[in-house]
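The values are calculated or read from the model by the stated rules, or taken from the named source; none is laboratory data. Note that the coordinates shown come from a computational prediction; the quantities given were computed from them, not determined experimentally. For neighbour counting, all protein chains shown are included, and Cβ atoms are generated from backbone atoms with ideal geometry for every residue, glycine included.
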Amino acid sequence: MNSQASLFQYILKIADNQLILGHRLSEQCSKGPFLEEDIACSNIALDLIGAANSLYIYAAAIEGENKTEDDLVFLRSERAFKNVLLVEQPNTDFAYIMCRQFLFDTYDYFFQQALQKSNDQTLAAIAAKTIKESTYHLRHSGNWIIRLGDGTPESNLRLKNAFTNLWCYVDELFEQDAAELDLVAQGIAVDTQSIKTQFTSHIAEIMQTAGMEIPSGIFMQSGGKKGVHTEHLGFLLAEMQSVHRSFPGVKW
Amino acid sequence: MVKILQAKEVSFIWDILNEIPDPEIPVISLVELGVVRAVNWVDTQLEITITPTYSGCPAMRMMEMDIEQRLRKEGITDFKINMQYHPAWTTDWMSDLTKSKLKTYGIAPPQAHTKQRIGALISDAPTEVACPQCNSVNTKLISEFGSTACKSLMKCNDCLEAFDYFKCI
């Protein structure tokens with residue numbers, strides 16, 4: 001893979017995470033546990049999709065095939081999406097949704113912080129913008145982890161189940177293939193190993209405050225970064241892309 | 001001669017941009033909000049550089065359209081609007097006058113020292129935000145995410161009014 005092609009793939013990986021999680025969270029719009037939380041989830045979804053939008057504009061420019069951000073979002077098929085498996089997992093209860101947010105937000109916060117130092121000026125600038133929003137997201141989901149874990153026996157149990165079910169997707173966040181490691185060597189991509197300690201210690205701190213234990217003996221899943229997804233992504237894309245596929249070229 | 005004419009026009013452009021209200025908060029202009037970063041003539045084309053407040057803010061598209069419409073009204077048809085990410089928009093760019101306009105409108109303005117405020121990763125409710133209605137600082141954060149991306153929802157414990165707080169980023 002030449003360096004432009006690996007950069008394109010790298011931007012897609014970052015953007016796809018933001019987009020797919022943003023879309024998942026947008027499905028919660030009008031279903032929040034109470035009005036303020038409903039608004040919070042919709043706001044965060046909007047931030048995530050907005051960050052993805054900036055990245056897709058850049059990715060389209062790097063690809064140089066005269067495509068737009070809409071083409072990348074609405075006309076790619078499942079295997080071409082490079083998001084991690086964590087973000088495509090469907091919404092169940094609120095504890096699960098917040099647990100998914102918390103795991104991603106923690107990763108994203110340290111990732112964006114590191115990406116600000118990228119030699120690629122556009123990626124660094126978008127990261128500097130995104131980190132401001134990521135900070136609010138992480139504070140939001142972290143507070144919910146504490147509130148739910150330290151809440152009623154029911155909320156504690158639900159959160160415990162959420163961590164048990166989602167923990168298998170944690171390691172994939174830090175996976176890097178040869179092309180990406182090459183970008184790390186060039187100072188463009190983030191060396192994910194360098195942020196793993198910060199990730200682990202923040203998760204541990206919040207979980208401890210919440211009275212949660214880190215699940216052990218979990219078999220780790222991966223594949224999303226290679227385009228091999230769980231069955232859930234296909235359904236998500238079918239819905240997300242339906243309008244654009246029914247009315248090709250439609251703008252809104 | 002041409003150069004002198006263009007120099008006048010740049011300040012004129014800033015003036016007319018300063019008349020375009022923010023689509024969500026009509027008491028302040030796009031210039032006061034800090035969204036307009038630069039105005040330049042490149043040969044015969046006018047280049048306007050703007051920066052997003054929040055990356056997903058739906059009002060950004062609206063702001064671009066408002067700028068376009070206003071320029072056309074002035075007979076300027078050859079222009080380009082560039083989106084710039086660096087430096088990232090911050091509420092620190094708002095002047096005291098802009099902040100006082102927000103307050104009069106009923107929105108508590110952002111507090112200074114943004115960097116310190118947004119850095120905390122665990123619960124960090126803004127302190128001493130004065131209620132825009134009664135000025136009491138006995139206020140409480142209800143949610144960090146409010147009616148738009150840029151606002152938190154707060155409540156005054158004295159006059160009991162809920163109010164928007166323009167959050168620091």
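A few remarks follow.
- Boolean, A:LYS160 is away from chain B (no Cβ under 14 Å) and in a helix (DSSP H, G or I): yes
- Note on the stretch A:1-119: enclosed helices (runs of 4 or more DSSP H) holding 3 or more residues that are closer than 29 Å to A:HIS140 by Cα are A:3-26, A:35-63, A:85-88, A:94-115.
- Top-ranked residue in the stretch B:87-101 [being in contact with a helix residue (DSSP H, G or I) (Cβ under 9 Å, 6 or more places away or on another chain) and of a type in the set (Gly, Ala, Ser); ranked as farthest from the other protein chains (Cβ to nearest Cβ)]: B:SER95
- B:ALA112, sole failed condition from (1) at pLDDT below 90; (2) more than 14 Å from every other protein chain (Cβ to nearest Cβ); (3) out of contact with any helix residue (DSSP H, G or I) (no Cβ under 8 Å at 6 or more places or on another chain): (3)
- Residue match in the stretch A:163-184 (condition: more than 19 Å from A:THR92 (Cα to Cα) and of a type in the set (Gly, Ala, Ser)): yes
- Filtered residues of the stretch A:17-52 (kept if surrounded by fewer than 21 Cβ atoms within 10 Å (Cβ to Cβ), touching an Asp or Glu at 6+ places or on another chain (Cβ under 6 Å) and within 10 Å of another protein chain (Cβ to nearest Cβ)): none
- Positions within the stretch B:147-157 being part of a loop (DSSP other than H, G, I, E, B) and surrounded by 14 or more Cβ atoms within 10 Å (Cβ to Cβ), in sequence order: B:THR148, B:ALA149, B:CYS150
- Selected residue (only one of B:ILE81, B:ILE107 is buried (at least 19 other Cβ atoms within 10 Å of the Cβ) and at pLDDT 90 or above): B:ILE107
- The stretch B:116-146, subset assigned to a loop (DSSP other than H, G, I, E, B), touching a strand residue (DSSP E or B) at 6+ places or on another chain (Cβ under 6 Å) and within 11 Å of chain A (Cβ to nearest Cβ), residue modelled with the lowest pLDDT: B:ALA125
- The residues on offer are A:ALA185, A:ALA178, A:ALA124, A:ALA128, and the sole one that is free of Cβ contacts under 8 Å to residues at least 12 places away in the same chain, under 30 Å from B:THR53 (Cβ atoms) and surrounded by fewer than 21 Cβ atoms within 10 Å (Cβ to Cβ) is A:ALA124.
- When residues of the stretch B:85-96 are limited to those that are in a helix (DSSP H, G or I) and in contact (Cβ under 8 Å) with a residue 12 or more places away in the chain, the one farthest from B:LYS167 (Cα to Cα): B:TRP93
- Residue that is nearest to the other protein chains (Cβ to nearest Cβ) [pool: residues in the stretch A:209-234 that are in a helix (DSSP H, G or I) and either in contact (Cβ under 8 Å) with a residue 60 or more places away in the chain or within 14 Å of A:ALA162 (Cα to Cα) (or both)]: A:THR209
- Pair list, Cβ < 8 Å and 6+ apart or interchain, from the stretch B:67-78 residues that are over 17 Å from B:ASN18 (Cβ atoms) to residues that are exposed (fewer than 12 other Cβ atoms within 10 Å of the Cβ) and among the β-branched types (Val, Ile, Thr): B:ASP78/B:THR44
- Among the conditions (1) surrounded by fewer than 18 Cβ atoms within 10 Å (Cβ to Cβ); (2) within 17 Å of A:MET240 (Cα to Cα), A:PHE81 misses just one, which is (1).
- Taken over the stretch A:124-152, the criterion of being assigned to a helix (DSSP H, G or I), of a type outside the set (Ser, Thr, Tyr) and more than 10 Å from chain B (Cβ to nearest Cβ) is satisfied by A:TRP144, A:ILE145, A:LEU148, A:GLY149.
- Flag if B:GLN45 is in the same structural domain as B:LEU17 (by TED's automatic domain parsing), touching a residue at least 12 places away in the same chain (Cβ under 8 Å), within 26 Å of A:THR135 (Cα to Cα) and more than 13 Å from the chain's Cα centre (by Cα): no
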